[in-house]
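Trainee: Handing you this structure, nothing more for now.
None of the figures in this text is laboratory data; all of them are computed from the coordinates on show. These figures come from a predicted structure and were not determined experimentally. All Cβ positions, glycine included, derive from the backbone under ideal geometry; neighbour counts span all protein chains shown.
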Amino acid sequence: MSEPVQVDVDALQDVLTAPDAAFQHDYLEIRGLKVVFDGFTAVDGVDLTVTRGDLRFLIGPNGAGKTTMVDAVTGLAKGSGSVRFGSTELLGKNPTRIARAGIGRTFQTASVFGELTVLQNLDIAAGSSRGMRTLLRRRKSPPSEVEAALETIGLTRVAQVPAGALAHGQKQWLEIGMLLVQNAHVLLLDEPVAGMSQAEREETGLLLRRIGQQRTVVVVEHDMEFMRTYADSVTVMHQGRVLAEGPVDQVTADARVIEVYLGNRSHGRGSVQTSARRDS
């Protein structure tokens, strides 16, 4: 797991000092994003705007470019165009700088310290100035931001349990909590319910709704049932481009979207309303 980060005040200065009329809430704005690998265009001129309070799901067939787009936003892939958080340009910055600007990301496999407790994982992620020995010491009460995150992710009762002993879904929630204590304003979540039980999926959906009220959240997902239940809006990608975008019912009824999913046999039973797996 990478070194815990804190918000970079300099990187956020333009956002925080902008006039209210020009910047009323957090938003992620992507314009003309293009990613090319050895002559192959994986992301081809994507435009996307997601605001705080809009729980956005990003779907599409295998190879549509969803994860590559997220890689470019978080500095893991080189792209051209523009990616802005408020008035701060992110494209071209390294991953650490982007994370310090308030952009958080999870992967399909949760990255937690299995031998440490839930509380200790959150404590370390919070980037406290205390030394490592103090960080690992049991305390009577956690810092306020850690306590708030524990409540948000529903892990207060297991705060002293080693992260490695958690259920699969709980590990995913812990990783989201680690982003919250790092004060991530934008959360990019890669298939957060993959491998979860039905009960865990429902809890995760409710969690995403809670954090989506105060954060800008983008969920890369293949589970169409989960998407239809919890998404506020949907963006569909195909062959590196945005194919359709809008409310769930509108997008899933779009003839172009239906044709793309029916034409891709890797998507299970061939329906935009069914679950599917994997992406590139």
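Trainee: With +1 on each Lys and Arg Cβ and -1 on each Asp and Glu Cβ, and nothing else charged, work out how big the dipole of the stretch 132-238 is about its Cα centre, in Debye to the nearest 20.
Mentor: Once rounded to the nearest 20, the dipole reads 740 debye.
Trainee: Right, another one. Taking the Cα centre of the stretch 9-262 as origin, work out the dipole magnitude from +1 charges on Lys and Arg Cβ and -1 charges on Asp and Glu Cβ, in debye rounded to 20.
Mentor: 960
Trainee: If you don't mind, there's one more thing I want to ask. Nearest 0.05, what FRET efficiency do Lys34 and Arg209 give at R0 = 35 Å with Cβ-Cβ as r?
Mentor: Using R0 = 35 Å, I get an efficiency of 0.60.
Trainee: Can you order the peptides 100-106, 30-36, 245-251 by their average number of other Cβ atoms within 10 Å per residue, highest first?
Mentor: The densest-packed peptide leads the list: 100-106, 30-36, 245-251.
Trainee: Rounded to the nearest 0.05, what FRET efficiency do Asn94 and Asp47 have when you use their Cβ-Cβ distance and R0 = 22 Å?
Mentor: The value I calculate is 0.35.
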